[in-house]
Amino acid sequence: MTEHLPLKQIAAARTLDGARVAAEIKEEVREGVSEFVRLYDAPPALAVVRVGDDAASLVYVRNKIRTSEELGFRSEHHALPASTTEAELLASISELNRRDDVDGILVQLPLPHGIDDKKIIESIDPAKDVDGFHPLNVGRLVAGQADAAPCTPAGIIKLLKRSNIEMRGRHACVVGRSNIVGRPMAQLFLQHDATVTICHSRTIDLASVTRHADILVVAIGRAAFIQGEHIKAGAVVIDVGMNQLTDSNIIDELFDDAEEVARRHASFAKRGYILIGDVHPAQAAKKAAWLTPVPGGVGLLTVAMLMRNTLHAANRRRAS
Ligand code: GUN
């Protein structure tokens with residue numbers, strides 16, 4: 001078994017630069033899109049389907065559409081009313097599957113009550129499934145044969161690699177077992193030779209497990225849930241959480257740095273909420289060696305990897 005030296009212990013965690021890595025990936029995709037246009041005389045195209053009026057989904061989808069346009073894709077935003085039935089949504093997807101001028105399809109989750117996520121995801125042509133959520137693509141991922149993995153975990157792997165953080169032999173612990181982040185994240189860590197643990201809401205004595213993780217990924221949707229006691233000194237902590245906090249009294253407790261406290265209060269005054277991850281920022285900064293910020297960390301990578309997956313899907317379709 002390979003022995004690693006412990007990760008360096010430092011006074012305060014350094015920030016893993018999600019923005020830099022996302023910008024690099026987007027630049028690579030932009031070049032790939034230009035090449036695609038030279039070859040096929042038309043841009044690759046992404047169709048994003050959103051149902052209902054979930055405010056967070058609208059922000060995410062607008063961001064995906066804007067980024068795709070910036071990089072030279074053609075994009076379509078199909079905004080369907082909350083009253084859309086499952087049959088109507090299936091018919092919309094069927095049309096997008098059929099159209100030759102659509103390379104990638106993304107149905108933004110969550111869907112309104114009454115629509116079965118599984119049925120919808122299964123109806124997407126696996127060749128156009130840029131999220132990597134279709135069971136065929138999930139199977140390929142588990143078998144180590146995936147061309148494209150779900151965007152958030154794939155982005156986290158890119159971030160670690162491009163930050164020169166070794167995964168081989170290290171204990172990677174994933175907190176959360178969603179199909180979007182936790183499960184595919186664990187598979188990708190396994191493919192990079194990490195020793196992998198998955199924790200979730202039923203895990204007994206969570207801290208006793210997470211405290212041994214060299215790399216800790218948290219995706220549970222609970223603001224500042226992971227505290228100092230959960231983190232090994234010198235660990236790499238990746239915070240996937242994106243929670244809206246509507247009580248400004250907590251800001252002083254969550255951040256030590258006076259400048260950051262002031263920034264957060266200003267942000268709260270402007271919007272009426274602040275975005276907080278699943279990891280307690282001040283406590284994690286004292287224990288971890290590396291930490292992703294919220295916002296500005298993992299979220300940027302998700303969008304960058306969606307662009308990459310869409311370009312890959314378009315190239316594969318043309319090549320087949
Ligand atoms: N909702 C939250 N994250 C995602 C994602 O990565 N893809 C889709 N389709 N919906 C989401």
When you check R62 against the structure, is it closer than 20 Å to V240 by Cα, open to solvent by 70 Å² or more (accessible area, probe 1.4 Å) and at pLDDT 95 or above, yes or no? yes
Failed condition for T310, given (1) among the polar types (S, T, N, Q); (2) more than 21 Å from T15 (Cα to Cα); (3) open to solvent by 20 Å² or more (accessible area, probe 1.4 Å): (3)
I'd like to verify a number: residues in segment 217-228 that are within 21 Å of R14 (Cβ to Cβ) and of a type outside the set (G, A, S), how many? 4
Counting only residues that are of a type in the set (V, I, T) and touching an Asp or Glu at 6+ places or on another chain (Cβ under 6 Å), segment 194-225 contains a total of 2
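Suppose we filter segment 288-320 for residues that are within 20 Å of A223 (Cα to Cα) and touching a strand residue (DSSP E or B) at 6+ places or on another chain (Cβ under 8 Å); how many remain?
Of the residues in that region, 9 qualify.
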Could you give me the residue pairs with C-beta distances under 6 Å whose first residue belongs to segment 107-127 and is within 11 Å of G52 (Cβ to Cβ) and β-branched (V, I, T), whose second residue is within 14 Å of the ligand (Cβ to nearest atom) and not in a helix (DSSP H, G or I) wherever it lies, and which are 6+ apart or on separate chains? none
Mind checking which residues of segment 176-227 are in a helix (DSSP H, G or I) and free of Cβ contacts under 8 Å to residues at least 12 places away in the same chain? L190, S208
With the first residue restricted to segment 39-54 and required to be under 15 Å from D129 (Cβ atoms) and open to solvent by less than 10 Å² (accessible area, probe 1.4 Å), and the second required to be of a type in the set (D, E, K, R) and not in a loop (DSSP other than H, G, I, E, B), Cβ contacts under 6 Å at 6 or more apart or on different chains are A45/R74; A47/E76; V48/K64
What tally of residues in segment 20-56 results from selecting those that are modelled with pLDDT of 95 or more and under 16 Å from the mean Cα position of the chain (by Cα)? 6
Restricting attention to segment 261-270, does a residue exist that is open to solvent by less than 40 Å² (accessible area, probe 1.4 Å) and either touching a residue at least 24 places away in the same chain (Cβ under 8 Å) or under 17 Å from E229 (Cβ atoms) (or both)? no
Which one of the conditions (1) surrounded by 21 or more Cβ atoms within 10 Å (Cβ to Cβ); (2) touching a Phe, Trp or Tyr at 6+ places or on another chain (Cβ under 7 Å) does A288 fail to meet, given that it meets all the rest? (2)
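Only one of these is at pLDDT 95 or above and surrounded by 21 or more Cβ atoms within 10 Å (Cβ to Cβ): D129, D116, D125, D101. Name it.
On the way: D116 fails: surrounded by 21 or more Cβ atoms within 10 Å (Cβ to Cβ); D125 fails: surrounded by 21 or more Cβ atoms within 10 Å (Cβ to Cβ); D101 fails: surrounded by 21 or more Cβ atoms within 10 Å (Cβ to Cβ).
None of the other options fit; the residue is D129.
Quick one: which strands (runs of 3 or more DSSP E) lie wholly within segment 231-301 and hold at least 2 residues that are within 19 Å of T15 (Cα to Cα) and touching a Leu at 6+ places or on another chain (Cβ under 9 Å)?
Working: elements: 236-239, 243-245, 274-276.
Strands (runs of 3 or more DSSP E) meeting the threshold: 236-239, 274-276.
Across segment 141-160, what is the number of residues that are out of contact with any helix residue (DSSP H, G or I) (no Cβ under 9 Å at 6 or more places or on another chain) and open to solvent by 50 Å² or more (accessible area, probe 1.4 Å)? Walk me through it before giving the result.
First, pick out the residues of segment 141-160 that are out of contact with any helix residue (DSSP H, G or I) (no Cβ under 9 Å at 6 or more places or on another chain): 143, 160.
Remaining after also requiring open to solvent by 50 Å² or more (accessible area, probe 1.4 Å): 143.
Counting residues in segment 141-160 that are out of contact with any helix residue (DSSP H, G or I) (no Cβ under 9 Å at 6 or more places or on another chain) and open to solvent by 50 Å² or more (accessible area, probe 1.4 Å) gives 1.
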Within segment 38-56, can you find the residues that are more than 13 Å from F73 (Cα to Cα) and acidic (D, E)? D53, D54
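The values are calculated or read from the model by the stated rules, or taken from the named source; none is laboratory data. Everything numeric in this text was worked out from a predicted model, so none of it was measured. Every residue, glycine as well, gets a Cβ built from its backbone with ideal geometry; the counts of neighbours run over all protein chains shown. What goes into the accessible areas is simple: the full protein's heavy atoms, side chains included, and nothing from ligands, DNA or RNA. Shrake-Rupley method; radii C 1.70, N 1.55, O 1.52, S 1.80 Å.
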